[in-house]
Amino acid sequence: MSGPLDYQWEEERYTDGSKWRFLEHKGPVFAPPYEPLPSKVKFYYDGKPMKLSAPAEEVATFFAKMLDHEYTTKDIFRKNFFKDWRKEMTSEEKSKITDLNKCDFTEMSDYFKVQSEARKQMSKEEKQKIKEENERILQEYGFCVMDNHRERIGNFRIEPPGLFRGRGDHPKMGMLKRRIRPEDIIINCSKDSKHPKPPPGTKWKEVRHDNKVTWLVSWTENIQGSIKYIMLNPSSRIKGEKDWQKYETARRLKKCVDRLRSQYRDDWKSKEMRIRQRAVALYFIDKLALRAGNEKEEGETADTVGCCSLRVEHIKLYPEIDGQEFVVEFDFLGKDSIRYYNKIPVEKRVFKNLQLFLENKQPEDDLFDRLNTSILNKHLQELMDGLTAKVFRTYNASITLQQQLKELTSPEENIPAKILSYNRANRAVAILCNHQRAPPKTFEKSMQNLQTKIDAKKDQLSDARRELKSAKADAKVRKDEKTKKAVETKKKAVQRIEEQLMKLEVQATDREENKQIALGTSKLNYLDPRISVAWCKKWNVPIEKIYNKTQREKFAWAIDMADEDFEF
DNA sequence: ACCCTGACTTAGCATTCCGGTT
DNA sequence: AACCGGAATGCTAAGTCAGGGT
């Protein structure tokens with residue numbers, strides 16, 4: 001696949017800002033067309049059955065499919081849905097259906113439940129057939145040719161229509177996400193490639209040949225009016241190189257971070273308020289790994305903030321609390337409406353500055369009123385080429401992993417214990433970056449199951465120990481080869497069971513500590529994979545224990561590149 | 001200086017897959 | 001063979017940041 005070069009990521013890169021010379025692909029896969037419900041499945045309005053027009057019925061099914069979700073009980077969701085649903089109705093339907101509370105979708109909902117149950121019950125052969133068809137589509141549409149490589153495409157299927165589900169308190173939840181047609185689609189490919197054909201009887205919106213970008217297909221989504229793209233898989237050359245570059249930038253920050261830190265500490269004393277604000281914000285970004293915090297259009301999205309957009313109401317100052325001085329309490333909703341809560345002591349100067357920033361302000365006022373991400377990033381750019389706020393997150397995440405691995409790995413431990421250490425180091429990073437998850441619904445049960453296994457293993461162990469003891473006693477009396485051998489066998493059995501027990505206990509510890517923490521995001525986006533590869537090589541831990549197949553594909557560049565001496 | 005948009009990365013949850021157990 | 005649970009994968013929303021226009 002990579003031709004005469006061993007490492008495709010060592011091929012020459014373009015210096016003129018172009019991303020490719022040749023790009024050929026088959027275009028997107030559209031969502032399957034709507035299939036009307038069988039006539040026996042009824043919708044009821046005000047208790048009476050009512051046949052809906054196909055467009056109105058389709059939108060109704062979107063709601064019916066979500067009936068069990070608490071979304072559908074929320075006022076905003078219902079209001080947005082109803083408004084958009086009415087747009088799809090015929091004028092007769094519109095005049096009849098005026099109150100969502102009088103709509104009964106339960107038959108539709110039950111019908112879909114039966115269907116999904118039936119899908120699960122399909123025979124092996126039927127499932128196999130579907131699998132093969134999916135594989136065929138993947139082979140046809142899931143790959144493209146970019147320059148000399150056949151590359152996997154990330155998301156070649158167009159998002160199907162449905163009801164928009166925002167995260168957190170989103171003002172647009174419940175709105176109709178409309179169906180995307182060929183006429184909405186912009187194709188990007190090279191002139192000299194075989195252009196993808198639109199489905200019979202349709203046309204693309206546009207075919208362009210822009211090699212300054214990496215996307216293959218784009219369309220404009222109707223909820224926020226933003227553009228969506230089809231791009232390559234993370235295993236592709238173009239993504240891998242970019243990823244590598246990202247970590248190289250973070251490593252350059254490592255070289256000058258001391259200088260930057262002493263500079264922003266100096267700036268806490270500046271005569272100029274804007275410089276003090278910039279310096280305190282940067283301190284937060286560095287110390288707490290906060291995101292930059294762009295401004296957002298009010299009312300268009302959920303109310304979330306990052307560092308530069310923090311408001312007065314998001315922090316509390318305690319000159320003294322719990323025996324600590326100069327404590328700042330953060331409490332705000334960040335990206336994806338995930339809560340950030342932290343109470344930390346800060347330097348006296350920072351504290352005094354924060355008091356100053358808060359003077360004469362209302363709770364809803366900006367904490368940093370002389371600062372935004374653009375000002376901050378322009379400043380950072382002057383300090384180091386390529387430096388932006390998010391580089392601090394990458395740098396601090398990766399350096400933390402490296403330090404924690406050094407601290408936590410003990411040479412004499414066995415492989416499961418080493419992996420626990422790795423996960424703990426990973427966890428330290430996830431906590432730093434505030435990567436949370438909802439505790440899995442099955443968490444308690446799965447912990448219980450594991451405990452049952454541990455108990456059983458303990459019983460098994462004491463049985464094995466008892467047997468060993470009696471075998472030893474036996475051997476002492478008889479002193480023959482056969483009984484000696486029996487002792488050895490029993491000893492081995494005890495050892496094996498001890499090892500199994502220890503494995504289970506490690507697993508339980510790991511799972512418990514991981515209850516509300518998501519490791520995946522930092523592993524995939526913040527940790528220089530070369531640190532992990534080097535650690536695996538150093539301690540003879542198979543890389544498969546740390547990265548699954550997909551991750552190994554994404555990090556192929558690092559797996560080839562890093563030896564055990566790699567230092568971030 | 002400010003605003004807007006396009007391109008790209010980062011994010012958590014939902015769904016599917018798969019291998020072990022009953 | 002059916003079932004189950006955890007891991008892997010898929011999905012798409014929600015960020016960051018640069019660049020162009022006014």
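The values are calculated or read from the model by the stated rules, or taken from the named source; none is laboratory data. Treat the numbers as computed from the prediction; the structure is a model and nothing was measured. No Cβ is skipped: glycine too gets one built from the backbone with ideal geometry, and neighbour counts run over all protein chains shown. Only protein heavy atoms, including side chains, enter the accessible area calculation; ligands, DNA and RNA are left aside. Shrake-Rupley method; radii C 1.70, N 1.55, O 1.52, S 1.80 Å.
What to note about this one:
- Most tightly packed first, judged by the mean number of other beta-carbon atoms within 10 Å of their residues, the peptides A:367-375, A:330-338, A:411-419, A:318-326 read A:367-375, A:330-338, A:411-419, A:318-326.
- The Cα trace of chain A gives Rg and Dmax of 29.7, 99 Å, the first to one decimal, the second as a whole number.
- Simple Cβ-charge dipole of the range A:474-533, Lys/Arg +1 and Asp/Glu -1, about Cα centre, in debye nearest 20: 520
- The loop-placed GluC sites (Glu not before Pro) in the range A:8-77, going by DSSP, that have at most 15 neighbouring Cβ atoms within 10 Å of their Cβ come out as A:Glu11, A:Glu12.
- For the range A:315-382 versus the range A:408-422, the gap between their alpha-carbon centres in whole angstrom: 38
- Sequence-ordered 3J(HN,Hα) estimates for the range A:207-221 from the Karplus curve with 6.51, -1.76 and 1.60 and θ = phi - 60° stand at 10, 10, 10, 9, 8, 8, 10, 9, 7, 9, 9, 9, 8, 9, 8 Hz, glycine and proline given as x.
- Listed residue pairs exceeding 20 Å between alpha carbons, taken from A:Lys120/A:Lys445; A:Lys228/A:Lys441; A:Lys26/A:Lys177; A:Lys469/A:Lys491; A:Lys239/A:Lys296: A:Lys120/A:Lys445; A:Lys228/A:Lys441; A:Lys26/A:Lys177; A:Lys239/A:Lys296
- Computed over the alpha-carbon atoms, the range A:150-224 gives an Rg to Rh ratio of 1.04, Rh here being the Kirkwood radius from the mean inverse distance.
- Kirkwood hydrodynamic radius (C-alpha pairs) into Stokes-Einstein, the range A:77-169, 25 °C and 0.890 mPa s, D in µm²/s: 136
- Computed with the Debye formula from one identical point scatterer per Cα of the range A:359-495, without solvent, the log10 of I(q)/I(0) at q = 0.11 Å⁻¹ comes to -0.78.
- Here the convex hull built on the C-alpha positions of the range A:199-308 has a volume of 190 cubic angstrom per residue.
- The alpha-carbon of A:Lys348 sits under 18 angstrom from the alpha-carbons of these aspartates and glutamates, leaving out residues fewer than 8 places away in its chain: A:Asp266, A:Asp267, A:Asp286, A:Glu320, A:Asp322, A:Glu325, A:Glu329, A:Glu359.
- Close amide H pairs (under 5 Å, H built 1.01 Å from N) link A:Val217 with A:Asn188, A:Ile230, residues at least 5 positions away or on another chain.
- Percent accessible area from carbon and sulfur atoms, chain A, protein chains only, probe 1.4 Å: 49
- Relative contact order for the range A:84-176, counting Cα pairs under 8 Å that sit 6 or more residues apart, in percent: 18
- For A:Glu295, the residues 5 or more places off, or on other chains, whose built amide H falls under 5 Å of its own are A:Thr373.
- Spread over its residues, the convex hull of the C-alpha atoms of the range A:419-568 is 147 Å³ per residue.
- One Cα centroid belongs to the range A:101-174, the other to the range A:495-568; the line between them spans 31 Å.
- Vicinal HN-Hα couplings computed from phi for the range A:559-568 (Karplus, 6.51 cos²θ - 1.76 cosθ + 1.60; Hz; Gly/Pro x): 5, 6, 8, 8, 9, 5, 8, 3, 10, 5
- Amide H contacts of A:Gly168 (H built 1.01 Å from N, under 5 Å, at least 5 apart or other chain): none
- For the range A:116-251, a/c is less than 1.5, where a ≥ b ≥ c are the root eigenvalues of the C-alpha gyration tensor. That puts it in the rounded class.
- Computed from phi, the 3J(HN,Hα) profile of the range A:42-50 under the Karplus parametrisation 6.51, -1.76, 1.60 (θ = phi - 60°) reads 9, 9, 10, 10, 6, x, 10, x, 8 Hz, with x in place of Gly and Pro.
- Counting only lysines at least 8 places from A:Lys352 when in the same chain, those with an alpha carbon closer than 27 Å to its own are A:Lys269, A:Lys271, A:Lys287, A:Lys316, A:Lys343, A:Lys361, A:Lys378, A:Lys390.
- Burial order of peptide ranges A:538-546, A:171-179 (average beta-carbon count within 10 Å, highest first): A:171-179, A:538-546
- Dipole of chain A, positive end: most advanced residue of A:Phe112, A:Ile415, A:Ile338 [Cβ charges, Cα centre]: A:Ile415
- Legend: calculated FRET efficiency, A:Thr550 to A:Glu92, from the Cβ-Cβ distance at R0 = 60 Å, rounded to 0.05, equals 0.75.
- For the listed peptides A:460-472, A:384-396, A:436-448, a ranking on the average number of other beta carbons within 10 Å per residue, highest first, reads A:384-396, A:460-472, A:436-448.
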